[in-house]
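The values are calculated or read from the model by the stated rules, or taken from the named source; none is laboratory data. In this text the structure is predicted, and so the values were computed from the model without any measurement. Positions of Cβ are generated from backbone atoms using ideal geometry, with glycine treated the same way; all protein chains shown enter the neighbour counts. To get the accessible areas, we keep the full protein, side chains included, count just its heavy atoms, and leave off ligands, DNA and RNA. Shrake-Rupley method; radii C 1.70, N 1.55, O 1.52, S 1.80 Å.
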Amino acid sequence: MWLKTYLIITGVGAFAALTMPWLVIIGSFLIIPGLILASMPTAFMYGVAFALFRLLLGRFLSGVPLNVISGAATLALFWTIPQPGLTWARGMLASLEEPDIQASAPIALEGDILLARPFEGRCDALCAALLKTPGVTSVRVRTLRGHSNTYRIVPDSTPGKRSTVIGHGLLEERRYNASDPLAPQRALEAEWNLMMSEGKALLQSDDAPEPGFTIAIEDGPAVPDAKPRSGRVDWSLEPSAPHRKALTITDAGEQVLLRQSILSIFAPAAPLLIGTSGGIENFRFGWERRRLGDGTMYAEVPVNRLLLDHTSVSRGVNMETTKTRTREELARALDDPRKPVSDPVFALANQWMDSFRANDQPLGESDRRLLVRILEDPRVRSSDGLWAIIKQVDGDSADLRRLAARRYLAATDKKEARHWINALAGLPVGAYADPLPEERAILADPAVSRFATGLIKRQGDRGVDAVPDLLRLLREYSVYDPGKYGFSDLTAATDAVRSGFRRIGPAASFARPEIEQLLASPGLEYRYKTLGQEEWDTLLVVLAKPVETLTKPENRSGTDARYRERVAQRAAKPYDPRRD
């Protein structure tokens with residue numbers, strides 16, 4: 001009787017889990033129900049086998065001996081089924097295994113280097129580090145498909161196709177600096193740009209020089225043309241194709257100087273179980289698989305670490321020296337009107353400005369003058385580092401604001417140029433109390449102002465004097481059509497108006513009736529009710545709207561009372577530009 005009950009329960013559970021796997025996903029949020037439901041197929045499979053063995057052995061045994069022997073036979077059956085696959089997998093691993101080789105002395109890389117790997121044919125951080133290594137003349141990057149590019153650092157006058165890197169070198173491990181974690185990478189990039197600015201260029205060609213050294217990075221099938229099968233669960237009892245991760249360095253005579261590899265195969269587990277894999281979109285059942293081979297499940301070959309430890313590859317950078325040289329070369333380039341806009345030296349502006357990220361001291365006068373020159377020189381195209389240095393600006397900043405506004409107004413693509421004006425939103429409190437003519441020109445046209453969100457937010461520095469302008473902007477945005485791809489930009493602009501009012505605070509309460517009227521208009525209703533009702537309601541409460549009149553958005557859970565409590569708490573907090 002108990003066995004029949006067990007089979008009915010596990011059978012129903014197995015049917016539900018296999019035909020409606022979404023039930024397992026839902027149950028997993030509660031942990032225990034999900035685990036129980038996921039185990040039902042295995043439990044039912046073992047129960048059926050146990051029942052069949054009891055039926056076959058019932059002629060000869062009964063009672064406890066029958067149950068014990070039937071249970072042992074069930075376990076033996078499901079342990080035996082995957083054994084052929086496991087035996088094949090172990091034999092395959094043994095046949096493919098190659099001993100690791102550690103270099104007895106540092107490998108002096110020189111000449112032409114072949115970098116063979118299954119991914120990325122462009123010149124990345126490793127390629128750049130090899131090119132910077134003394135004695136290395138070229139790096140040929142070859143992918144698994146056989147496509148290759150050869151990179152060389154040559155005098156800028158050399159004819160040929162120019163290229164760019166997507167990495168700038170390798171770094172040795174160092175203590176993590178939470179205040180400026182990107183400082184080492186920034187220094188590497190500056191070092192590369194300094195090298196390129198000294199009359200050098202990165203040349204890309206398709207020739208294939210005979211390599212003096214080959215650095216082979218593997219991460220794929222260990223057997224060519226092997227039948228692909230992943231380690232994910234499925235209903236096949238065949239093992240997966242053997243997978244190899246490896247780093248091998250050979251010389252021109254193909255002698256292995258260094259090798260470290262990880263081999264693995266996934267095969268059905270013993271005893272045989274029904275497992276799960278995948279996520280919400282591709283959840284599925286299949287035979288549970290176990291990993292055979294070297295290392296742990298997610299073991300990786302430390303390619304960069306091995307190269308830094310055992311070869312002469314260029315590593316690291318003197319950060320202080322690079323920072324000093326960056327500033328000197330940048331200043332020299334800004335003084336030289338003959339330098340073309342394409343010169344890599346102007347990219348140093350970003351590295352120099354970004355180097356102030358961890359600085360907590362006001363910007364010195366000489367650095368401030370250099371910042372002014374960066375803002376007024378159109379050859380500096382990118383403003384990426386401006387966010388970091390602008391936080392160190394103290395005192396009057398009208399000249400910086402004027403230059404940034406002029407760059408923005410002169411730009412053809414306002415969306416691309418928006419960071420020049422928006423980065424200055426990090427200036428000290430009160431910096432925008434007196435508007436400039438250039439800033440008024442930006443705010444006069446919604447097609448221009450909608451990208452200048454930093455400027456809009458900082459109108460709050462003007463206090464109640466800014467209320468007419470902020471209301472005008474909100475009025476214009478409520479009827480302005482930004483086109484097919486401008487919805488999110490206009491939403492950001494309306495949010496910036498809200499932030500401007502929030503900065504002014506209760507003194508702008510006389511504007512609340514018109515704000516509420518505009519939020520109910522067709523142009524802003526969706527943005528209010530769906531995208532930011534809590535934020536707008538917080539502003540309205542700051543502007544003296546009774547919190548008891550608020551109703552919870554339809555897309556929010558909870559009660560009206562809890563929503564009002566949360567909005568009241570937010571409205572009571574002082575203005576914070578990062579939050580409001």
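Summary of values
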{"quantity": "Tally of residues being hydroxyl-bearing (Ser, Thr, Tyr) and either in contact with a His (Cβ under 9 Å, 6 or more places away or on another chain) or open to solvent by less than 20 Å² (accessible area, probe 1.4 Å) (or both) across region 295-329", "calculated": "3"}
{"quantity": "Scope region 1-25; condition surrounded by 13 or more Cβ atoms within 10 Å (Cβ to Cβ) and within 33 Å of the chain's Cα centre (by Cα); matching residues", "calculated": "21, 23, 24, 25"}
{"quantity": "Search result, residues across region 129-139 that are open to solvent by less than 30 Å² (accessible area, probe 1.4 Å) and of a type outside the set (Val, Ile, Thr)", "calculated": "129, 130, 131, 138"}
{"quantity": "Which listed residue is within 20 Å of residue 575 (Cβ to Cβ) and of a type in the set (A, V, I, L, M), from 497, 448", "calculated": "497"}
{"quantity": "Check on residue 384, in contact (Cβ under 8 Å) with a residue 12 or more places away in the chain and more than 29 Å from residue 164 (Cβ to Cβ)", "calculated": "no"}
{"quantity": "Failed item in (1) among the aromatic types (Phe, Trp, Tyr); (2) surrounded by fewer than 14 Cβ atoms within 10 Å (Cβ to Cβ); (3) over 26 Å from residue 258 (Cβ atoms), with residue 119 passing the rest", "calculated": "(3)"}
{"quantity": "Region 340-371: number of residues that are over 14 Å from residue 329 (Cβ atoms) and surrounded by 15 or more Cβ atoms within 10 Å (Cβ to Cβ)", "calculated": "9"}
{"quantity": "Residue count, region 35-64 (criterion: crowded, with 18+ Cβ neighbours inside 10 Å and more than 18 Å from residue 287 (Cα to Cα))", "calculated": "3"}
{"quantity": "Subset tally (residues that are β-branched (Val, Ile, Thr) and open to solvent by less than 60 Å² (accessible area, probe 1.4 Å)) for region 65-75", "calculated": "1"}
{"quantity": "Enumeration of residues in region 521-580 that are among the hydrophobic types (A, V, I, L, M, F, W, C), farther than 30 Å from residue 480 by Cα and open to solvent by 80 Å² or more (accessible area, probe 1.4 Å)", "calculated": "572"}
{"quantity": "Any hit, region 418-425, residues being open to solvent by 40 Å² or more (accessible area, probe 1.4 Å) and not aromatic (Phe, Trp, Tyr)", "calculated": "yes"}
{"quantity": "Residues of region 48-82 that turn out to be part of a loop (DSSP other than H, G, I, E, B) and touching a residue at least 12 places away in the same chain (Cβ under 8 Å), as a count", "calculated": "2"}
{"quantity": "Odd one out for residue 512 among (1) touching a helix residue (DSSP H, G or I) at 6+ places or on another chain (Cβ under 7 Å); (2) among the basic types (Lys, Arg); (3) under 24 Å from residue 403 (Cβ atoms)", "calculated": "(3)"}
{"quantity": "Filter pass, residue 478 being open to solvent by less than 80 Å² (accessible area, probe 1.4 Å), touching a residue at least 12 places away in the same chain (Cβ under 8 Å) and more than 23 Å from residue 422 (Cβ to Cβ)", "calculated": "no"}
{"quantity": "Any hit, region 428-437, residues being among the acidic types (Asp, Glu) and either in a helix (DSSP H, G or I) or surrounded by 14 or more Cβ atoms within 10 Å (Cβ to Cβ) (or both)", "calculated": "no"}
{"quantity": "Helices (runs of 4 or more DSSP H) completely within region 458-565 that count 2 or more residues being aliphatic (A, V, I, L, M)", "calculated": "467-479, 487-504, 512-519, 533-542"}
{"quantity": "Criterion: assigned by the TED database to the domain that holds residue 301 and touching a Ser or Thr at 6+ places or on another chain (Cβ under 6 Å) - qualifying residue of 204, 185, 102", "calculated": "204"}
{"quantity": "Region 518-559: number of residues that are at pLDDT 90 or above and aromatic (Phe, Trp, Tyr)", "calculated": "1"}
{"quantity": "Of residues in region 221-248 being of a type in the set (Asp, Glu) and outside any strand (DSSP E or B), the one modelled with the lowest pLDDT", "calculated": "225"}
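Residue-by-condition table, conditions (1) in contact with a Phe, Trp or Tyr (Cβ under 6 Å, 6 or more places away or on another chain); (2) among the charged types (D, E, K, R); (3) modelled with pLDDT of 90 or more:
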site	(1), (2), (3)
106	no, no, yes
129	no, no, yes
140	no, yes, yes
159	no, no, yes
179	no, no, no
182	no, no, no
185	no, no, no
